[in-house]
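Undergrad: A single structure is presented below for examination.
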Amino acid sequence: MDALNNFFFIALPYIAFVVFLIGTIFKYRLQKFKFSSLSSQFLEGKKLFWGSVPFHWGLMILFFGHLFAFLIPKSIILWNSEPLRLLFLEISSFIAAICVFVGLILLYIRRLTDERIRMVTTKMDIFIELLLLFIIFTGMYTAVFYRWGSTWFASVISPYLKSVFRLSPEISAVSAMPIMFKLHIIGAYLLILMTPFTRLVHFLVYPLNYLWKPYQQVIWNWNKRKVRSPKTPWSIHRPKNN
Amino acid sequence: MDVRSQISMVFHLDKCIGCHTCSIACKNIWTDRKGAEYMWWNNVETKPGTGYPTKWEDQEIYKGGWEKNMGKIRLKGAGKAKGLLNIFHNPHLPVIDDYYEPFTYKYLNLIESPEEDTQVTARPVSMITGKPIDIKMGPNWDDDLSGTPDYARNDPNFKNLSAGEQEAMFQLERMAMFYLPRICNHCLNPACVGSCPSRAIYKRGEDGVVLINQNVCRAWRMCVTACPYKKSYYNWGTGKSEKCILCYPRLESGQAPACMHSCVGRIRYLGVMLYDASQIEAVANSDDEDLIKRQMDMILDPFDPKVIASAKKNGIADSTLKAAQDSPTYKFVKEWGMALPLHPEFRTMPMLFYVPPLLPVMATLSNNDVESQKDTLNPISKFWERATKYDASMDNIFGTVDDARFPLKYLANLFSNGDEELIKITLKKLMAVRLHRRDVTVGDLSKEMVAESLKEVGLDTEMADAIYYLTSLAKFDDRFVIPAAHREQAIEMTEFTGDRKGDAGFGFTEHPARGL
Ligand code: SF4
Ligand code: SF4
């Protein structure tokens, strides 16, 4: 048992993070063409709406919720000191989880039943969808049967995750956790591990900078005006377009 | 003044024979690939008709282009807020059925089938799923179908034509149509660029070609919605959007784009135009009535010393300036004022201009005065002999433009944002040149009448001859004036030659840097 715990909660996170970092950087630099959300809305748009929208928004809420609880656990504990607020937090996160769960199932059905979508489905898509379903299911199970996860996540799991990042993993707390919750964490590590090999990379390039960029964009391969200006050093290189 | 150069195009619609050679040339070079089968970067539509994708001009459906709201323009169906909020599901994205599902036939069946009692057939199969399909639509599905209820009558440009006017267009004897070849307009205020959240689309500074960087595109597919001309296409195979690249690799080696090179009717012209980039925003925001005029004003005179000086300051090469002075598009658009942009009300400021067609408009003379012509009615083929000469009696040739069989309003909806006067004057110019040439070659017209008609539209005989030359006789090099920067210096568009000095010639793709 100890060996298993050591592997899943000490070795796996490091493997996952290293593969994630190297893999995504490698992919971004050398296989940029593969960096895409690979949207299939063009082939089928109606069923996609009912799956994609709840899935993505729900996932965003859950992702930032987890991130928040990990980075500033104190604030969550403080917030939860009032039972009504705790209930509100738990229920709203659970609704988000249901959205993700239902959305995923609809997406999965669409992927398997729609003729056209089947043509743009890879084995990796299926794998990742099942993995996500697994993670969300174990997460929901934990939320229902091991109550007030938002509180104990902040006080138990955040320290563990932080210890992982501090390179001195402290796993006694997670080792004592129920199996469903352990599976949830393991699923999450697997997801991180697999990210660079799947379409999931698109969440890394969510185009937030669009908000502050001007609408129009003109690029000179070779800006003669700039090059000829005496202030420009002669060694100036062209901007990279491709 | 911030002078930039732009490769612009003029299509002379009277000359288009609707042969689709252009579309095929483009398809063969660029879009004959998986995921791109349905794309026609160049397509030719029959007008009136619904076009490709179906009813693309109806922005209530597709939400393309810019719209003016409280004095400022914004994207109708995309933009910062809408784009990012709709990123998981874009409600205005056309789906493949709006274009057509690409298909092929099982030709091998015809050869490999064993002997049977029944005739072997080559069934159509979808090029997406590979399964047999019922073909509902295909490329140019509404080709030449003017007058049909499903296509011509659903043309969005009929929006403000009365029922009577529409009916008149569809009477069997009067029915007319023309062809509208379309490519990406390489706009000055491109909606596709504005809508791209990952900033993958850009306008090339050197020549204004609008391109999508395939390495940066992330399939957010906002450009497909935003381009009001539906000239940005989503490749469902690669998960990247693609569009017409104006054959820039050909341009850079001094060749005309494939569609233009192969054009059978020789309707296409391509050349440099200089424009003042500092005005783009103001012009795009101008009032509906002024849009065309202000876009035309933005295009600068390449002979003006002031323009030349500031162009040089911006690093525009002398050879490009020379190309701008010889540019056939500058002549059609600015000097002669004969070419208009397609749907200027979308406010993208297209740089592809059309000489509107005169022929479908003129051919109605026979409808005048039926009674007095009765004696010339050919009893067998039932046409009025005198009236078949389409220049007719000449007395009030311009009068006929108004009761043309194509209501001017229809053409105005296409090319001038509803301004019929603008269409009328353009058509009158076309007619005046014809009258002048008839006077020169046949000489059966009254000299005063010809002189009068030229004067009315502000042309002189020299100009009329020049128009005639460029329209009918122009050689390849007159129709396509491609600046030298695109030939011997083309390498500089993408590489700093200094960087490459001393590199090993052929064979190496890696910079020969010292190993560590
Ligand atoms: S026609 Fe469409 S795709 Fe082409 S530049 Fe204009 S907005 Fe962009
Ligand atoms: S090749 Fe030329 S004449 Fe033929 S359809 Fe195309 S534009 Fe028209």
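Undergrad: Compute accessible area for region B:55-92 by itself and then with all protein chains, 1.4 Å probe, and report residues whose area falls by 40 Å² or more.
TA: B:Lys80, B:Leu84, B:Phe88, B:His89
Undergrad: Compute, for A:Thr113, the solvent-accessible surface of its heavy atoms (probe 1.4 Å) with the complete set of protein chains present, and express it in square angstrom to the nearest 10.
TA: Accessible area, nearest 10 Å²: 90 Å².
Undergrad: Then there's this: Give the calculated FRET efficiency between B:Asp134 and B:Glu67 to the nearest 0.05, with a Förster radius of 30 Å applied to their Cβ-Cβ distance.
TA: Details: r = 38 Å, r/R0 = 1.26.
In this case the efficiency is close to 0.20.
Undergrad: Kindly provide log₁₀ I(q)/I(0) values, in the same order as q = 0.19, 0.25, 0.26, 0.28 Å⁻¹, from the Debye equation applied to equal alpha-carbon scatterers of region B:248-293.
TA: Debye intensities relative to I(0), on a log10 scale: -0.77, -0.85, -0.89, -0.97.
Undergrad: Another question, if that's okay. Per-residue accessible area for B:Asp290 at 1.4 Å probe radius, Å² rounded to 10?
TA: 60 Å²
Undergrad: Moving on to the next point. Amide H to amide H, which residues 5 or more places from B:Glu45 or on other chains are under 5 Å from it, using H placed in the peptide plane?
TA: Close amide H contacts, sequence-distant or interchain: B:Leu180, B:Arg182.
Undergrad: A further question follows. Hey, what did chain B get for relative contact order, percent, Cα under 8 Å, at least 6 apart?
TA: On the way: 884 pairs, mean separation 105.4, N = 516.
Dividing the mean separation by the residue count of chain B yields 20 percent.
Undergrad: How much solvent-accessible surface does B:Arg250 expose, in Å² to the nearest 10, with a 1.4 Å probe and all protein chains in place?
TA: 50 Å²
Undergrad: Would you list A:Val120, A:Val174 from the most to the least accessible area, probe 1.4 Å? Mind showing how you got there, number by number?
TA: Working: A:Val120 30, A:Val174 0 Å².
So the residues, ranked largest to smallest area, are A:Val120, A:Val174.
Undergrad: Further question on the same structure: For region B:458-472, what does the Karplus curve 6.51 cos²θ - 1.76 cosθ + 1.60, with θ = phi - 60°, yield as ³J(HN,Hα) per residue in whole Hz, taken in order and with x for Gly and Pro?
TA: x, 10, 10, 4, 5, 4, 4, 5, 5, 4, 4, 4, 5, 6, 10
Undergrad: Rg to Rh for the protein assembly as shown: what is it, with Cα atoms only and Rh by Kirkwood?
TA: Working: Rg = 31.6 Å, Rh = 30.0 Å.
Ratio value, two decimals: 1.05.
Undergrad: Which loop-located trypsin sites (Lys or Arg not before Pro) does region A:150-200 contain, where loop means any DSSP state but H, G, I, E or B and the Cβ has at most 16 other Cβ atoms within 10 Å?
TA: A:Arg166
Undergrad: On to the next question. Order A:Glu129, B:Glu456, B:Glu462, most accessible first, counting only protein heavy atoms with a 1.4 angstrom probe. Write out the running numbers ahead of the final one.
TA: Details: A:Glu129 20, B:Glu456 95, B:Glu462 145 Å².
These residues rank, largest area first, as B:Glu462, B:Glu456, A:Glu129.
Undergrad: Along each principal axis of its Cα atoms, how long is region B:1-113 end to end? Whole angstroms, biggest number first, please.
TA: 66, 40, 30
Undergrad: To the nearest 0.05, what FRET efficiency results for A:Ser172 and A:Lys46 with a Förster distance of 56 Å applied to their C-beta separation?
TA: Details: r = 51 Å, r/R0 = 0.90.
E between A:Ser172 and A:Lys46, to the nearest 0.05, is 0.65.
Undergrad: Go from 0 up to the bin containing the longest alpha carbon distance in chain B, width 20 Å each, and give me the % of pairs per bin.
TA: With 20 Å bins starting at 0, P(r) equals 20, 52, 24, 4, 0.
Undergrad: Using the structure shown, select from A:Lys123/B:Lys243; A:Lys213/B:Lys334; A:Lys231/B:Lys312; B:Lys34/B:Lys243 the pairs with a Cα to Cα distance greater than 25 angstrom. Display every interim value, and only then the final one.
TA: Numbers: A:Lys123/B:Lys243 30 Å; A:Lys213/B:Lys334 34 Å; A:Lys231/B:Lys312 18 Å; B:Lys34/B:Lys243 15 Å.
Beyond 25 Å between Cα atoms: A:Lys123/B:Lys243; A:Lys213/B:Lys334.
Undergrad: Run the paramagnetic zone check for B:Asp465: 7 angstrom along Cα to Cβ, then residues of region B:427-441 with backbone nitrogen under 14 Å.
TA: B:436-441
Undergrad: Now, a different point. Based on the alpha-carbon gyration tensor of region A:1-124 and its eigenvalue square roots a ≥ b ≥ c, which shape applies: rounded if a/c is under 1.5, prolate if not and a/b is larger than b/c, or oblate?
TA: oblate
Undergrad: Here is a further query. Just to confirm, what accessible area per residue do you get for region A:2-228 at 1.4 Å probe, in whole Å²?
TA: Values: 12370 Å² over 227 residues.
Dividing the accessible area of region A:2-228 by its residue count gives 55 Å².
Undergrad: Let me ask you something else. Whole Å is fine, so just give me how far the alpha carbon centre of region B:86-156 lies from that of region A:82-106.
TA: What the calculation gives is 45 Å, centre to centre.
Undergrad: Do any trypsin sites (Lys or Arg not before Pro) in region B:101-189 lie in a loop, going by DSSP, with at most 12 other beta-carbon atoms within 10 Å of their beta carbon, and if so which?
TA: On the way: sites: B:Lys106, B:Lys136, B:Arg153, B:Lys159, B:Arg174, B:Arg182; in loops: B:Lys106, B:Lys136, B:Lys159, B:Arg174.
Taking region B:101-189 and a limit of 12 other Cβ atoms within 10 Å, the loop trypsin sites (Lys or Arg not before Pro) found are B:Lys136, B:Lys159.
Undergrad: Sort out for me the Cα centre separation of region B:287-320 from region B:335-351, rounded to whole Å.
TA: Here the two parts' Cα centres lie 16 Å apart.
Undergrad: Would you mind finding the longest exposed-site-free stretch of chain B, with exposed chymotrypsin sites (Phe, Trp or Tyr not before Pro) meaning DSSP loop and at most 12 other Cβ atoms within 10 Å? Please report the intermediate quantities before stating the final value.
TA: Details: sites that count: B:Tyr107, B:Phe303, B:Phe506, B:Phe508.
Longest run free of exposed loop sites: B:304-505.
Undergrad: What total accessible surface area, summed over both chains, is buried at the interface between chains B and A, computed with a 1.4 Å probe and given in Å² to the nearest 100?
TA: Details: alone 24350 and 16670 Å², together 35510 Å².
The contact between A and B buries close to 5500 Å².
Undergrad: Sticking with this structure for a sec: Given a 1.4 Å probe, show me the residues in region A:97-127 buried by at least 20 Å² of accessible surface when comparing the whole protein assembly to the chain alone.
TA: Listed in order, they are A:Glu115, A:Arg116, A:Met119, A:Val120.
Undergrad: Turning to a different aspect of this structure: What lysines sit close enough to B:Lys47 to cross-link, taking a C-alpha to C-alpha distance under 19 Å and skipping anything fewer than 8 places away on the same chain?
TA: B:Lys15, B:Lys55, B:Lys159, B:Lys230, B:Lys231, B:Lys409, B:Lys424
Undergrad: Using Cα pairs under 8 angstrom and six or more residues apart, how large is the relative contact order of region B:170-294, in percent?
TA: On the way: 132 pairs, mean separation 22.0, N = 125.
Value for region B:170-294: 18 percent.
Undergrad: Leaving out ligands, DNA and RNA, what percent of the accessible area of region A:2-228 is carbon and sulfur, probe 1.4 Å?
TA: Working: 9360 of 12370 Å².
Reported share for carbon and sulfur atoms: 76 percent.
Undergrad: Can you give the Kirkwood hydrodynamic radius of region B:18-245 from its Cα pairs, in Å with one decimal? Each step should come with its number before you reach the end.
TA: Values: mean 1/r = 0.0515 Å⁻¹.
Value: 19.4 Å, from the Cα pair sum.
Undergrad: What nm value, rounded to one decimal, do you get for the distance between A:Phe134 and A:Arg85 when each label is placed 7 Å out toward the C-beta?
TA: Label at A:Phe134, label at A:Arg85, 3.7 nm between them.
Undergrad: Could I ask something else about it? What percentage of the solvent-accessible surface of chain B, computed with a 1.4 Å probe over protein heavy atoms, is contributed by carbon and sulfur atoms? Don't skip to the answer; put the middle values down first.
TA: On the way: 11520 of 21670 Å².
Answer for chain B: carbon and sulfur cover 53 percent of the accessible area.
Undergrad: Considering amide H positions built from the backbone, and no H for Pro or chain starts, which residues 5 or more places from B:Asn235, or on another chain, come under 5 Å of its amide H?
TA: B:Lys240, B:Ser241, B:Glu242
Undergrad: Could I ask something else about it? For region A:2-228, report the translational diffusion coefficient in µm²/s to the nearest whole number, using Stokes-Einstein at 4 °C, 1.567 mPa s, and a Kirkwood Rh over Cα pairs. Present the calculation step by step, with values, prior to reporting the outcome.
TA: Values: Rh = 19.9 Å.
Translational diffusion coefficient: 65 µm²/s.
The values are calculated or read from the model by the stated rules, or taken from the named source; none is laboratory data. None of these values were measured; they are calculated from a predicted model. FYI the Cβ positions are ideal-geometry reconstructions off the backbone, even for glycines, and counts take in every protein chain you see. All accessible areas refer to the heavy atoms of the entire protein, side chains included, with ligands and DNA or RNA removed. Shrake-Rupley method; radii C 1.70, N 1.55, O 1.52, S 1.80 Å.
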